[in-house]
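Trainee: Structure incoming, see below.
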Amino acid sequence: MAFGISKSNLMKVGGYDLLDQIAEGGMGTVYKGRNRESGQIVAIKIVPEGMADNHTLQTRFQKEFKAASNLDHPNVVRALEYGVLGGRPYLGMEFVDVESLGQRIERDGRIPEAEAIRIIALASQGLHHAHKNGMVHRDVKPDNIIVTKEGQVKLLDLGLVKEADNDVNLTRTGRGLGTPHFMAPEQFRNAKNADVKCDIYSLGATLYQMVTGELPFRSMGPLDAWMKKINNELTPPSQIVPDLSERINWAILRAMSADPEKRPDSCREFVEDLTGYSTRKVPNPASDGAVQELWYLQYKDETGEAHLVKGSMAGIRRSLKEGLLGDASNVLASRSKSGEFMPLKSHPEFRDLVVSAAPLSKSNATMPVGLRPATPATGTPIPAGGPATPANVRLPTPRPPSSGQHPAIPHIPLEPTRGGSDWHIWVFLLVLAMAFGIAATLIFK
């Protein structure tokens, strides 16, 4: 039998009977077990025999149990018990009898985009919960995400989890502790300083494989993968699967930026990048409960005078794509006329058009067929035929960029929020001009 201990001991671990081996890895072997009193089916993880005397590893197992037992969340596998068998630590965990995403991808290939977004969003909720509790996973990958037959998503294998404020010397500089293809480049150098941004990189890399069916930086050893990562030499997922949406392509590239500062700040922001909608409560729903698409924009002109206009989300996005908003950093947006007004990049509905992922290496940054270079104002690729515009919408001619001291003034083809009486002034001025014209003709005739 495994572990080099007696069969009688192997078949009984604490209050559990071992039924079958599930998986085996460098950090231990996982068995399916049954609680002798309650009959509950659990997963039992036992450290390898050669590591039984490793104090650091035992400490890690204790931390793993503490971390997992504190994470009571539907998208995280629960830890039930910690114990020692013949000097070898073991963990009792929630048992979920399904295959991992890694196994599914290996068998079936890539996962449809909509389903992949749903799965990664639920896994992100569990990871976000861990982050809020001061923990970092450090080994997020398809093999550590499972989906039940009922569609429930769970994040598992917290064996590399660390508390943000205390690593108990489990990692040392130069020891990455993770899976190379899914690790952030900075994690290669020093896993001890791994943070939320490293987990977000791994989420992006996981989604990359889900929607393409291929490993990021495939067919490369750890050193080659690291060199590619730090140079951002990543093949965009849309080059592998051309029918992927621009949004998911952008969200993955942003999450996998070599520079951590270019990545989303949280799992919540990563999910918002994928969906284009805020995960927070919308402050002004319609009376029938539907989400309002009306937005208010605030900006200042060259004289410093503030202006307030309103328009639909589609109209604002169209203006951004056409570069009609000028310097988008000069524009604030809110769902409510009374505010709070925040920069466009703060709103997931517009973030993909004003925030660019880190630039890719030229060798892998070939523009997909059907796209032309981005406009300077947006930094976003636009379809070669131009953005689709409804037949009943007339877009004004874009103004040339400002060359003075002031930032470019947004040219917003939206509806001003003040009253509609300005047309009286224009009629009066037109009549007055005609009168002057007639008078001039009579005088100089």
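Trainee: Could you check the stretch 317-335 and list, in sequence order, the residues that are assigned to a helix (DSSP H, G or I) and either within 23 Å of the chain's Cα centre (by Cα) or in the same structural domain as residue 247 (by TED's automatic domain parsing) (or both)?
Mentor: Answer for the stretch 317-335, where residues must be assigned to a helix (DSSP H, G or I) and either within 23 Å of the chain's Cα centre (by Cα) or in the same structural domain as residue 247 (by TED's automatic domain parsing) (or both): 317, 320, 321, 328, 329.
Trainee: Working only within the stretch 67-87, note down all residues that are buried (at least 16 other Cβ atoms within 10 Å of the Cβ), over 27 Å from the mean Cα position of the chain (by Cα) and modelled with pLDDT under 80.
Mentor: 85
Trainee: Now for a separate question. Mind listing whichever residues of the stretch 341-365 are outside any loop (DSSP other than H, G, I, E, B), touching an Asp or Glu at 6+ places or on another chain (Cβ under 8 Å) and modelled with pLDDT of 70 or more?
Mentor: Selection gives 348, 351, 352.
Yes/no matrix, rows are residues, columns are (1) buried (at least 17 other Cβ atoms within 10 Å of the Cβ); (2) part of a helix (DSSP H, G or I):
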residue: 224; (1), (2): no, yes
residue: 228; (1), (2): yes, yes
residue: 232; (1), (2): yes, no
residue: 235; (1), (2): yes, no
residue: 250; (1), (2): yes, yes
residue: 257; (1), (2): yes, no
residue: 261; (1), (2): no, yes
residue: 264; (1), (2): yes, no
residue: 271; (1), (2): yes, yes
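Trainee: A further question on this structure: Between a residue in the stretch 222-235 that is of a type in the set (Asp, Glu) and any residue that is in a helix (DSSP H, G or I) and surrounded by 15 or more Cβ atoms within 10 Å (Cβ to Cβ), which pairs come within a Cβ distance under 6 Å, given they are 6 or more apart or on different chains?
Mentor: none
Trainee: Mind listing whichever residues of the stretch 340-354 are aliphatic (A, V, I, L, M) and surrounded by 21 or more Cβ atoms within 10 Å (Cβ to Cβ)?
Mentor: If we filter the stretch 340-354 for residues that are aliphatic (A, V, I, L, M), which is where we start, we get 342, 344, 353-354.
Within the stretch 340-354, 344, 353 meet the criteria.
The values are calculated or read from the model by the stated rules, or taken from the named source; none is laboratory data. Quick caveat, the model's predicted, so the values are computed rather than measured. Cβ sites come from the backbone with ideal geometry, for glycine too, and all protein chains shown count toward neighbours.
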